[in-house]
Structure formats: structure tokens, C-alpha cells
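Report on one structure; see the data block that follows.
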Amino acid sequence: MVIAADPRLILRDEELDSGLELLLLAEAALWAAVDTALESEAAGLGRSHWRAAFLLRRRPGIGVQDLSRLTSLSKQAASKTLSDLQRLGLAQKAAGELDARRRPAVLTEAGVDFEARVSERLRALLGRAYRTGGLDGVVGTRRILAALAGPRQGVGLIRKEVP
């Protein structure tokens, strides 16, 4: 569902800068929560590992190329991140159905547990923020974030054909 922009909405640079500042501060708060949660995890697991695990839970079967597109990691960094998860028993890769070079990855049971432990803190943080914004705030925030995410939203999603 695409919602047309309201032509009556005129934003000054100061309002846009204030929004950017809040996005940066919110991002810092989210990453601080991730970092705190990662302190009790296996050595060597960082933000990119949690981010990959989260995306694998939400979009099972993505591979290096999709992970790179979703996160803006280089293909080499995305590959290393997935390899680290595999080495630690948190993810597994399979040969692609059409192309053996494309290796879709999925979380193992241990990977699902790892992702859940870290994400639990973030869901609590986001839940408190959503409650502060109220019902209208949740919908508005999701629209704004979806518009910022743009076409990345569709990367790696498995689409079912509708008859």
C-alpha cells in the first residue's frame, strides 16, 4: 500500500536536521543495547553478527549478496559475517537450488537462541518508545521508516505466488 505524500507538508531545514539528529541518537541507543547484550555472548560476535542473525530469522535463506544489499556491508564483510556464524554453529549454508555458488543461509537452533537473546532487549526498548508515541505514532513511525528503507524492504523476501 503506497500512501501519497501530503503536498501541504513543508519541512524547513531545521525540522529535517532535528529529525536526522533524532535518528542518529536513536541509532546510538539501539546499538548500545546490542553491544550490552553482546557482552555476554561468545567472543568475537559483534553488531554485524547480530544484524545478520536477525535478518536470517526474518528472511530465512538469504545469502551473501542479499545480506550485503540489506546492510550495506561489502560482499566480503557479509561473507565473513555469515562464515563466522556458520563456524560458531549459529547458521548453516546450503547449496543453491539453481546455482551452487549461491548458498542460502538459515539459523540453527543455537542461532535462533542467540538472535532472541539480543533482540529481546531491542524489542523492549522499541516497545517503550512506541508506547510513548501512542497508537498514531506507531503507524506514522512505521510509514516514515518504510519510506527511508525504500526498496531494501523487498530484498531476500520469499514471495508466494497468488493464484
Q. Taking the condition under 22 Å from Trp31 (Cα atoms), in contact with a Lys or Arg (Cβ under 7 Å, 6 or more places away or on another chain) and of a type in the set (S, T, N, Q), does Ser119 pass?
A. no
Q. Of all residues in the range 51-87, which are under 22 Å from Pro151 (Cα atoms), among the aliphatic types (A, V, I, L, M) and either free of Cβ contacts under 8 Å to residues at least 24 places away in the same chain or in a helix (DSSP H, G or I) (or both)?
A. Ala52, Ala53, Leu55, Leu56, Val64, Leu67, Leu70, Ala77, Ala78
Q: Those residues that are in a loop (DSSP other than H, G, I, E, B), surrounded by fewer than 17 Cβ atoms within 10 Å (Cβ to Cβ) and either under 11 Å from the mean Cα position of the chain (by Cα) or not acidic (Asp, Glu) (or both), I need them from the range 25-45; list them, please.
A: Ser40, Ala42, Ala43, Gly44
**Q.** Answer from Glu109, Glu115 - the residue that is modelled with pLDDT of 95 or more, loosely packed, with under 12 Cβ neighbours inside 10 Å and at negative phi
**A.** Glu109
**Q.** Residue in the range 88-104 that is farthest from the chain's Cα centre (by Cα), counting only those that are modelled with pLDDT of 95 or more and outside any loop (DSSP other than H, G, I, E, B)
**A.** Gln92
(Q) Among the residues of the range 11-18, are any more than 25 Å from Ile144 (Cβ to Cβ) and among the hydrophobic types (A, V, I, L, M, F, W, C)? (A) no
**Q.** Count - residues of the range 14-25 that are at pLDDT below 95 and either in contact with a helix residue (DSSP H, G or I) (Cβ under 8 Å, 6 or more places away or on another chain) or among the acidic types (Asp, Glu) (or both)
**A.** 3
Q. For Ser48, which of the numbered conditions (1) buried (at least 16 other Cβ atoms within 10 Å of the Cβ); (2) in contact with a Gly (Cβ under 8 Å, 6 or more places away or on another chain); (3) in a helix (DSSP H, G or I) fails to hold?
A. (2)
(Q) For the range 132-159, give me each residue that is polar (S, T, N, Q) and farther than 27 Å from Pro104 by Cβ. (A) Thr132, Thr141
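The values are calculated or read from the model by the stated rules, or taken from the named source; none is laboratory data. Computed from a prediction, not measured in an experiment: that's the story for all the values here. As a convention, Cβ positions derive from the backbone with ideal geometry for all residues, glycine included, and neighbour counts pool all protein chains shown.
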